[in-house]
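Values quoted throughout were computed directly from the atomic coordinates according to the rules given, and no laboratory measurement underlies them. Worth saying up front: this structure is predicted, and the values here are computed from it rather than measured. All Cβ positions, even for glycine, are placed from backbone atoms using ideal geometry, and neighbour counts span all protein chains on display.
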Amino acid sequence: KNQVEQSPQSLIILEGKNCTLQCNYTVSPFSNLRWYKQDTGRGPVSLTIMTFSENTKSNGRYTATLDADTKQSSLHITASQLSDSASYICVVSLNNNDMRFGAGTRLTVKP
Amino acid sequence: KAGVTQTPRYLIKTRGQQVTLSCSPISGHRSVSWYQQTPGQGLQFLFEYFSETQRNKGNFPGRFSGRQFSNSRSEMNVSTLELGDSALYLCASRPQVGPQETQYFGPGTRLLVL
């Protein structure tokens with residue numbers, strides 16, 4: 001069983017709409033949580049990183065939240081654009097330098 | 001700074017062959033990690049090298065091996081290829097080893113095993 005679960009597996013939205021992606025994790029000891037964006041045919045690019053004490057982090061139209069008590073994170077995308085079409089991967093880093101990857105959410109933004 | 005580069009970008013091999021993939025990290029980065037990405041499994045960690053030493057290893061068979069050179073460049077080798085080895089192989093670099101260090105990924109090498 002994957003220790004980092006992402007939902008939904010895929011999502012289709014219309015350009016200009018908002019959406020929220022979810023990441024639930026069970027791993028510990030927790031160090032930080034990152035959201036990556038991966039365009040088709042390219043490597044992942046880091047969007048945000050949050051440590052235990054941070055509960056929100058923004059990067060332009062991307063806002064990530066973290067609830068370390070419930071071990072849940074979300075990535076909210078505002079006013080979506082066609083270029084937001086990509087896979088979004090949640091990665092949890094542990095204090096022992098281990099990392100756990102979610103399977104990703106495939107987002108498609110349609111005009 | 002130039003990003004992480006990987007060569008070749010695409011590769012077609014047949015079962016039983018072996019393959020070597022190359023990764024050049026961002027200048028100044030001493031840690032290089034390798035990942036296998038497939039549609040069904042997502043990103044799976046292969047190994048991480050730092051200062052020419054393997055620091056961490058994922059749960060892959062011994063057919064998968066790697067090494068790092070003194071200039072931090074890294075190679076990954078897969079011997080006796082199987083159909084299931086078809087995947088995107090990603091390399092990532094970071095300045096140091098540690099959970100606070102962000103990894104920067106290359107574009108990947110797409111390997112197809114026939």
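Result for chain B in a Gaussian network model with C-alpha springs under 10 Å: among B:GLY66, B:GLY40, B:GLY84, the largest mean-square fluctuation is at B:GLY40. Under 5 Å between amide hydrogens, built in the peptide plane, is the criterion, and for B:GLN17 it picks out B:LEU81 among residues at least 5 positions away or on other chains.
Only Cα pairs under 8 Å and 6+ residues apart enter the sum, and on that basis the relative contact order of chain A stands at 38 percent.
The residues A:ILE12, B:ILE26, A:ILE77, when put in order of fewest to most other Cβ atoms within 10 Å, stand as A:ILE12, B:ILE26, A:ILE77. Restricting the calculation to alpha carbons of the stretch B:1-71 gives Rg and Dmax of 13.1, 38 angstrom. Across chain B, the relative contact order, built from alpha-carbon pairs under 8 Å that are at least six residues apart, equals 36 percent. Here the Gaussian network model covers chain B, with springs between Cα atoms less than 10 Å apart; of B:GLN36, B:GLN68, B:GLN44, B:GLN44 fluctuates the most. Computed over the stretch B:32-86, the P(r) curve from all C-alpha pair distances, binned at 5 Å from the origin, holds 4, 19, 29, 25, 15, 7, 2, 0 percent per bin.
Kindly put B:PHE60, B:PHE45, B:PHE69, B:PHE105 in sequence by how many other C-beta atoms sit within 10 Å of each C-beta, fewest to most.
In increasing order of surrounding Cβ atoms, one gets B:PHE69, B:PHE60, B:PHE45, B:PHE105.
With neighbour counts taken as other beta-carbon atoms within 10 Å, the residues A:ASP98, A:ASP69, A:ASP84 rank, fewest first, as A:ASP69, A:ASP98, A:ASP84.
Might you report the magnitude of the Cβ-based charge dipole of the protein assembly as shown about its Cα centre, with Lys and Arg at +1 and Asp and Glu at -1, to the nearest 20 debye?
Using Cβ point charges on Lys, Arg, Asp and Glu, the protein assembly as shown gives about 420 debye.
Determine the relative contact order of the stretch B:52-110: mean sequence separation of Cα pairs under 8 Å and six or more apart, normalised by residue count, in whole percent. Display every interim value, and only then the final one.
Working: 57 pairs, mean separation 13.9, N = 59.
Reported relative contact order: 24 percent.
Using Cβ point charges alone (K and R +1, D and E -1), the dipole size of chain A about the Cα centre works out to roughly 220 debye. Counting only Cα atoms, the size of the protein assembly as shown along its three principal axes is 47, 38, 37 Å, in decreasing order.
How big is the Rg/Rh ratio for chain A, C-alpha atoms only, Rh by Kirkwood, two decimals? Here the Rg-to-Rh quotient is 0.96. Between the residues A:SER80, A:ASN55, A:GLN6, the greatest Cα displacement towards the positive end of the dipole of chain A, with unit charges on the Cβ of Lys, Arg, Asp and Glu, is found for A:SER80.
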